[in-house]
Amino acid sequence: MKIPKSIYEAMIEHAQREAPLECCGILAGKNGVVEKTFEMRNQEQSPIRYSISPQDQIKVFENLEKESLEMIGIYHSHTHTEAYPSETDIKMAFYPEISSIIISLKEKVPIVKAFRIRKDGIDSEEIEVI
Ligand SMILES: [Zn+2]
């Protein structure tokens, strides 16, 4: 997937702003190129898990439909662990066809990685910052 530098940096900034709680957001665009980001509220307000309320998701989906954009990915942060899907992330992976982006704040320099999470396996995905 391709992410413009401004959106890439905004995701990291969002993660740092919400820490120690996990942040989450939705990336939208076309043909694997991100054009727009939606900062979402983590309804868990937790440092170890996240979820987006169905009402908040519907608002974004309506917005995407109006602008003819697709949901490309969902991002969230790991404030104390590495940039790899947790057991909870695997259990809660309802959208195996879109990318899961994880921003790790464990080390001084944030690490951002993308995955496709299925119930039966995890594939890494390359992020190209454009
Ligand atoms: Zn996670």
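The values are calculated or read from the model by the stated rules, or taken from the named source; none is laboratory data. Since this is a predicted model, take the numbers as computed values, not measurements. Counting neighbours? That spans all protein chains shown, and the Cβs are built from the backbone with ideal geometry, glycine included. Surface accessibility is based on the protein's heavy atoms, side chains included, excluding ligands, DNA and RNA. Shrake-Rupley method; radii C 1.70, N 1.55, O 1.52, S 1.80 Å.
Here is a yes/no grid of residues against (1) at pLDDT below 95; (2) over 18 Å from Leu21 (Cα atoms):
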{"site": "Leu64", "(1), (2)": "no, yes"}
{"site": "Thr81", "(1), (2)": "no, no"}
{"site": "Lys91", "(1), (2)": "yes, yes"}
{"site": "Pro96", "(1), (2)": "yes, yes"}
{"site": "Ile101", "(1), (2)": "no, no"}
{"site": "Ala114", "(1), (2)": "no, yes"}
{"site": "Glu126", "(1), (2)": "no, yes"}
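Is it the case, given these coordinates, that Ala10 is among the hydrophobic types (A, V, I, L, M, F, W, C), at negative phi, modelled with pLDDT of 95 or more and out of contact with any helix residue (DSSP H, G or I) (no Cβ under 8 Å at 6 or more places or on another chain)? So Ala10 passes the test.
For the stretch 21-50, the set of residues classified as within 16 Å of the ligand (Cβ to nearest atom), more than 14 Å from the chain's Cα centre (by Cα) and open to solvent by 80 Å² or more (accessible area, probe 1.4 Å) consists of Gln43, Gln45, Ile48, listed by residue number.
Any residue at all in the stretch 53-74 that's under 18 Å from Lys119 (Cα atoms), open to solvent by less than 40 Å² (accessible area, probe 1.4 Å), assigned to a strand (DSSP E or B) and within 10 Å of the ligand (Cβ to nearest atom)? Walk me through how you get there before you give the answer.
Initially, the stretch 53-74 is screened for residues under 18 Å from Lys119 (Cα atoms), giving 73-74.
Subset that is open to solvent by less than 40 Å² (accessible area, probe 1.4 Å): 73-74.
If we keep only those that are assigned to a strand (DSSP E or B) as well, we get 73-74.
Okay, now just the ones that are also within 10 Å of the ligand (Cβ to nearest atom), so none.
No, because not a single residue in the stretch 53-74 is under 18 Å from Lys119 (Cα atoms), open to solvent by less than 40 Å² (accessible area, probe 1.4 Å), assigned to a strand (DSSP E or B) and within 10 Å of the ligand (Cβ to nearest atom).
Out of the residues in the stretch 96-110 that are closer than 22 Å to Gln45 by Cβ and part of a loop (DSSP other than H, G, I, E, B), state the one that is most open to solvent (accessible area, probe 1.4 Å). Restricting to residues being closer than 22 Å to Gln45 by Cβ and part of a loop (DSSP other than H, G, I, E, B), the top hit is Lys106. If you go through the stretch 75-95 and keep only what is in contact with a strand residue (DSSP E or B) (Cβ under 7 Å, 6 or more places away or on another chain), near the ligand (Cβ under 8 Å from one of its atoms) and in a helix (DSSP H, G or I), you end up with just Asp89.
Does Lys113 satisfy being open to solvent by 40 Å² or more (accessible area, probe 1.4 Å) and closer than 17 Å to Glu128 by Cα? The answer is yes for Lys113. Ile103: farther than 21 Å from Ile7 by Cβ and among the β-branched types (Val, Ile, Thr), yes or no? Against the criterion (farther than 21 Å from Ile7 by Cβ and among the β-branched types (Val, Ile, Thr)), Ile103 does not qualify.
Residue count for the stretch 12-36 satisfying the condition of being under 21 Å from Phe94 (Cα atoms) and outside any strand (DSSP E or B): 4.
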